[in-house]
Amino acid sequence: MSGTASPSHRPLALVTGASSGIGYELALLLAVNGFDLVATGRSEDTDKAAAELAAYGGEVKAVRADLAESDGVETVWRAVEETGRPLEAAVLNAGRSIGGAFLDTDLDDELSLIDLNVTSVVHLAKHVARHMAAHRRGRILITSSLSATLPTPYETVYGPSRAFTRMFALGLREELKEHGVSVTTLMPGATDSDFHARAGMNNTAFGPGMRKNSRKDVARQGFLAMMDGRAQVVGGDLATRRTALEHRFLPETLKAARHARLADPRR
Ligand SMILES: NC(=O)c1ccc[n+]([C@@H]2O[C@H](COP(=O)([O-])OP(=O)(O)OC[C@H]3O[C@@H](n4cnc5c(N)ncnc54)[C@H](OP(=O)(O)O)[C@@H]3O)[C@@H](O)[C@H]2O)c1
């Protein structure tokens, strides 16, 4: 899919989870700011999103792949390599949660969540980091969550998966500094996307009644932090940033009880 501008003069960015939500908005910001894109998703919305993004004048390559599968990660990376161009920015953003009591949730589903939220990030980052280090330039943005800063009962596997992502990003950042590559982690608070509905959490306080951060605002905060080479940024409004600050001091047990009140479908 091509726009009108010559692709050779534009930097190239990869965005996973670009078919909807925060990832789509991040891809949009990159497109508007002159990047060509490799835009990935799992559903057919990926092609629709790519067509919309191409309207901003750049080249957009849509890749549909299940990142919970190792082959899916390799498919995405092959698509980047096939461009034959250096990757200037990589946004590793695809992810999901699963709501419900751990006693009831499906183990295979949870292991697949770890494959997506944890394993695929490490797998794709290996390719991206080696590629960017070889070119001695590049920016990586890894989506974590405010959930990385607390235990998340009734999404018991999700929070720890994002805690991994955050610490992984911060560690990788330190290593890649000397190679001219910056790594930023984005920690959104609850954000208006399909995320909670897909996690089966519409019957909780995270359902449609909750006031959530704008996905456009969250994406803008992530994009600017990545372009500035910052280590981490909280995605969301003042109240979200205040909560993030509070989480540095509150005991984990208290934060767990507070999250349970919001995420337990029986309350
Ligand atoms: N929304 C929030 O409240 C919130 C808060 C903190 C952090 N986050 C993080 O933000 C990131 C984006 O979430 P979002 O809010 O934008 O949710 P979303 O609207 O549900 O978007 C999720 C994206 O990930 C893709 N994806 C999901 N499973 C996949 C798989 N197995 N293989 C490949 N791609 C897959 C989806 O692709 P398809 O739609 O094509 O399947 C979609 O593009 C996630 O990492 C999430 O952990 C979200």
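The values are calculated or read from the model by the stated rules, or taken from the named source; none is laboratory data. Treat the numbers as computed from the prediction; the structure is a model and nothing was measured. So basically every Cβ, Gly included, is an ideal-geometry build from the backbone, and we count neighbours across all protein chains shown. The area values use the complete protein model at the heavy-atom level, side chains included, leaving out ligands, DNA and RNA. Shrake-Rupley method; radii C 1.70, N 1.55, O 1.52, S 1.80 Å.
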Practice problem: Compare Leu141, Leu28, Leu245 in a GNM of the chain, Cα atoms joined below 10 Å, and give the one with the largest fluctuation. | Solution: Leu245
Quiz item: Carbon and sulfur: what percent of the chain's accessible surface (1.4 Å probe)?
Solution: 53
Quiz prompt | Relative contact order [Cα under 8 Å, 6+ residues apart], the chain, whole percent | solution = 18
Quiz item: When the Kirkwood hydrodynamic radius is evaluated over all pairs of different C-alpha atoms of the range 102-223, what value in angstrom, to one decimal, is obtained?
Solution: 15.7
Quiz item: Per-residue accessible area for Lys61 at 1.4 Å probe radius, Å² rounded to 10?
Solution: 70
Quiz item: Once the piece of chain linking Ala101 and Glu74 is laid out straight, how much longer is it, given 0.36 nm per residue of separation minus the C-alpha distance between them?
Solution: 6.4 nm
Exercise. Rounded to whole Hz and in sequence order, give me ³J(HN,Hα) for the range 243-255 from the Karplus expression 6.51 cos²θ - 1.76 cosθ + 1.60, θ = phi - 60°, writing x for Gly and Pro.
Key: 4, 4, 5, 4, 5, 5, 10, 6, x, 4, 5, 5, 5
Quiz item: Where does the chain land on Rg/Rh, using Cα atoms and the Kirkwood Rh?
Solution: 0.96
Practice problem: Apply 1/(1 + (r/R0)^6) to the Cβ-Cβ distance of Ala51 and Thr83, taking R0 = 22 Å, and write down the FRET efficiency to the nearest 0.05. | Solution: 0.75
Practice problem: Please tell me which of these pairs span more than 31 angstrom C-alpha to C-alpha: Lys126/Lys212; Lys48/Lys126; Lys177/Lys216? | Solution: Lys126/Lys212
Practice problem: Just subtract the alpha-carbon distance of Asp109 and Met167 from 0.36 nm times their residue separation and send over the number in nm, one decimal. | Solution: 18.5 nm
Quiz item: Where does the charge balance sit around Leu87 when Lys and Arg score +1, Asp and Glu -1, over other residues with C-beta under 14 Å from its C-beta?
Solution: +4
Quiz item: In the range 93-120, which residues have a backbone nitrogen under 18 Å from the label point lying 7 Å from Ala256's Cα in the Cα-to-Cβ direction?
Solution: 100-105
Quiz prompt | Area of Asp104 that stays accessible when all protein chains are in place (1.4 Å probe, Å², to 10) | solution = 130
Quiz item: In square angstrom, rounded to the nearest 10, how much accessible surface does Ser145 have for a 1.4 Å probe?
Solution: 10
